[in-house]
1. For residue 105 and residue 137 in the same chain, what is the full-extension length gain: residue separation times 0.36 nm, less their Cα-Cα distance, in nm?
2. Arrange the peptides 119-130, 134-145 so that the one whose residues have, on average, the most other Cβ atoms within 10 Å appears first.
3. What nm value, rounded to one decimal, do you get for the distance between residue 77 and residue 157 when each label is placed 7 Å out toward the C-beta?
4. Within segment 134-172, whose backbone N sits under 16 Å from a point 7 Å along Cα→Cβ of residue 125?
5. Using label points projected 7 Å from each Cα along Cα→Cβ, tell me how many nm separate residue 189 and residue 150, to one decimal.
């Protein structure tokens, strides 16, 4: 009786040892498989911070798309450097164009940008001294004759500092001289007519430094 009991005890011990060995082997295999899977998963790339850039640095030539101008941008005309204080986004039917107000001394100036179909740029200077209103087909300013070329009504959206509401409407009348100079009248939200003279600007004659 005691001899048989000893055999059973030895058999139980052997089974326990075998089970322990199997458990250890299975654990090692699972651990190794887990490590191999982790090794195949690429680590997420660490985003690289954008290097600081000097907005006044030389860029080696004129560049920038005038259609992307916005408040905060700097515009360098060579000897003259200005900042865009605000912009008007105007639309009439299927036509859209922009007017960008510049930070300058001694008066109000702005740059209009229009595609018709090529990009057309005009630098405008306000002339509040002119006692003129649109209507006649021809007008004379400072000895130059201007002929009526276009007039209409548009809606506007204001960005930055423009002195106007966020949204509204405007009327305009454009005149042009034979030598390509411009005379324009605008009135916003049924206000008074404002006269300005404009000169065409070549797209490659200035450099744009984005503000952000």
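1. 8.2 nm
2. 119-130, 134-145
3. Each label point is offset 7 Å from its Cα along the Cβ direction, giving 2.8 nm.
4. 141-144
5. Each label point is offset 7 Å from its Cα along the Cβ direction, giving 2.5 nm.
Laboratory data are not the source of any read-out in this text; all were calculated from the coordinates shown. No experiment lies behind these values; they were computed from the predicted model shown. Every residue, glycine among them, receives a Cβ derived from its backbone with ideal geometry; neighbour counts consider all protein chains shown.
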